[in-house]
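Peer 1: Can you keep this structure in mind? I'll have questions shortly.
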Amino acid sequence: MAARFLIEQSVIDEDNKARKALLEEDLDYLSRKLQRRGIDIEEVIGQASRLKVAVPSWGVGTGGTRFARFAGKGEPRNVFEKLDDCSTINKLVRTTPAVSLHIPWDKPEEISSLRDAATEHGLEFDAMNSNTFQDQVGQPFSYKYGSLTHPDKAVRQQAIEHNLECIEIGKAIGSKALTVWVGDGSNFAGQTNFRHALELYLGSLKEIYAAVPDDWKLFLEHKMYEPAFYSTVINDWGTSYHCARELGERAKCLVDLGHHAPNVNIEQIVSRLIQFGKLGGFHFNDSKYGDDDLDAGSVKPFQLFLIFNELVDAELSGVPGFSPAYMLDQSHNVTDPIESLIVSSIEISRAFVQALLVDREKLAEAQRTTDPVVALGTLKEAFVTDVSSILAAARERTGGAIDPIAVYRASGYRDHKADERPSTLGLSAGIV
Ligand code: LRH
Ligand code: MN
């Protein structure tokens, strides 16, 4: 493989040296504030670096909409170049050591080369993602009218076999989960029978579930609408929960933050799935209207904090089998995808650390004594705490950058990639 530019550790260390004194000053100030709350900042810094969030392979390329996609410079042209970019993100933030692949977008000629490339970068593979929402060249049957719920058994069988292939690829590269999102649904009343479509879905998922290895999870991802605009088979958490229960222990529900109607109380859905033992994981992003796939924490940071408040509460209260998978799932239409993924991974860590700072005794007391002012105030006290220095220290102490965006920009990584990856793409539209 031709020599390709990667950011050297020495560049990060050099830049950190120049910023260390100011970081220590900020840490000192925050340490005293937290001490007054009986919180040891060193303990929190340790916790901050343990939270890992997987990066979507499809997120390092520029995303688009049905109207247009404005390709950026040095776009990754294959899964290996995507791994280079994912490793660059992890090198700078140290909280994204795993990549979630999408098949067939990332289907390698040769599996072992993919495993070797990841090992070279110190990366692992998170959940596999199947794709029965697009037709591939030469595919016998179209998914235009559905895939796992298509009325024609031959089409369902084709979709089932694709998911089985994703499991086989995943097993070969060390993944431990498969995420199934289907866009199946209808655009007109009467086009599908709701009850029959769900029965077909369950029938297909039972065949996929039977092939899921014992130490794997099967994530069911619900979505209110799009690409179907009248009904979607797995449209909400309730339907997903019912299916996960029907399938078995290893089937769990995956919550993509953008897959709900505006203003839905997603943190309550999270608490329900935790309580029912069916929270499998997340696709973090943000949105204002629909499935906008904007950067996590960029529109509703308080909602992201409230979701982590439920997660930390569950962890601290020792909910059995609680180990949700954290992934980003975003579309970077107007930013450098690497910068957006750097910032988004930091916003996930920020929400987690802020949730760790919640005075849970004070909150429980306010709830017990029906004191909403103190209850909300207790959450807000944690939410408004600027934990940037804790996050920077956690990065610095694990080899990452105190200021990852500054190091990334100073490295000229994107320009190097523009030279290494001459763009072959003309004008296009679509999500990737
Ligand atoms: C569907 C979705 C799903 C992915 C796709 C790229 O909207 O969130 O998780 O397969 O985006
Ligand atoms: Mn998703």
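Throughout, read-outs are computed from the coordinates displayed, never taken from laboratory work. As the structure is a prediction and not an experimental result, all values here were calculated from the model. For neighbour counting, all protein chains shown are included, and Cβ atoms are generated from backbone atoms with ideal geometry for every residue, glycine included.
Peer 1: Based on the alpha-carbon set only, what is the convex hull volume of the range 307-432 divided per residue, in Å³? Can you show the working numbers first?
Peer 2: Values: hull volume 22.2 nm³, N = 126.
Per residue, the Cα convex hull of the range 307-432 comes to 176 Å³.
Peer 1: Beyond 19 Å, what percent of the Cα pairs of the range 209-310 remain?
Peer 2: Value for the range 209-310: 43 percent of Cα pairs lie more than 19 Å apart.
Peer 1: At 7 Å along Cα-to-Cβ for each site, give me the label-to-label distance between Ala261 and Gln47 in nm.
Peer 2: 3.5 nm
Peer 1: Please give every one of the lysines within straight-line cross-link reach of Lys73, meaning a C-alpha to C-alpha distance under 30 Å, and leave out same-chain neighbours fewer than 8 residues apart.
Peer 2: Lys52, Lys82, Lys91, Lys107, Lys288, Lys300, Lys417
Peer 1: Related question: What's the Cα-based Rg to Rh of the range 121-184, Rh via Kirkwood? Can you show the working numbers first?
Peer 2: Numbers: Rg = 13.0 Å, Rh = 12.5 Å.
Computed over Cα atoms, the ratio is 1.04.
Peer 1: Given 5 Å bins starting at zero, what is the percent of C-alpha pairs of the range 1-61 in each, up to the one with the largest pair distance?
Peer 2: Histogramming the range 1-61 at 5 Å steps yields 3, 12, 12, 14, 20, 14, 10, 8, 4, 2, 1, 0 percent.
Peer 1: Also, quick follow-up: Check the straight Cα-Cα distances from Lys206 and name the lysines below 23 Å, setting aside those fewer than 8 residues away within the same chain.
Peer 2: Lys144, Lys153, Lys171, Lys176, Lys217, Lys223, Lys252, Lys278
Peer 1: Also, quick follow-up: Taking N as the number of residues in the range 100-255, what is its Cα Rg relative to 2.2 N^0.38 Å? Present the calculation step by step, with values, prior to reporting the outcome.
Peer 2: On the way: Rg = 15.6 Å, N = 156, 2.2 N^0.38 = 15.0 Å.
Normalised Cα radius of gyration, the range 100-255: 1.04.
Peer 1: Counting helices only, and only those DSSP H runs with n ≥ 4, report the 222 nm mean residue ellipticity of the chain as the sum of -39,500 (n - 2.57) divided by its residues, in deg cm²/dmol to the nearest 500.
Peer 2: -15000 deg cm²/dmol
Peer 1: Among the lysines, select those whose C-alpha is under 21 Å from the C-alpha of Lys362, and discard any that sit fewer than 8 residues away in the same chain.
Peer 2: Here the lysines satisfying the reach criterion relative to Lys362 are Lys33, Lys380.
Peer 1: Which of the peptides 199-207, 219-227, 175-183 is most tightly packed, and how do the rest follow, judged by the mean count of other Cβ atoms within 10 Å per residue?
Peer 2: The densest-packed peptide leads the list: 175-183, 219-227, 199-207.
Peer 1: Could I ask something else about it? Run the numbers for Arg32 and Phe229: contour at 0.36 nm per residue of separation, minus the present Cα-Cα distance, in nm. Provide the component values of the computation, followed by the final result.
Peer 2: On the way: separation 197, 0.36 × 197 = 70.92 nm, distance 5.31 nm.
This chain segment gains 65.6 nm when fully extended.
Peer 1: Stokes-Einstein diffusion coefficient for the chain at 4 °C in a medium of 1.567 mPa s, Rh from the Kirkwood formula over Cα pairs: what value in µm²/s?
Peer 2: Calculated translational D: 57 µm²/s.
Peer 1: Then there is this: What Kirkwood radius, in Å to one decimal, follows from the Cα pairs of the range 232-377?
Peer 2: With all distinct Cα pairs of the range 232-377 included, I get 16.2 Å.
Peer 1: From the Cα gyration tensor of the range 193-233, with a ≥ b ≥ c the square roots of its eigenvalues, which class applies: rounded if a/c is under 1.5, or else prolate if a/b is larger than b/c, or else oblate?
Peer 2: It comes out oblate by the Cα gyration axes.
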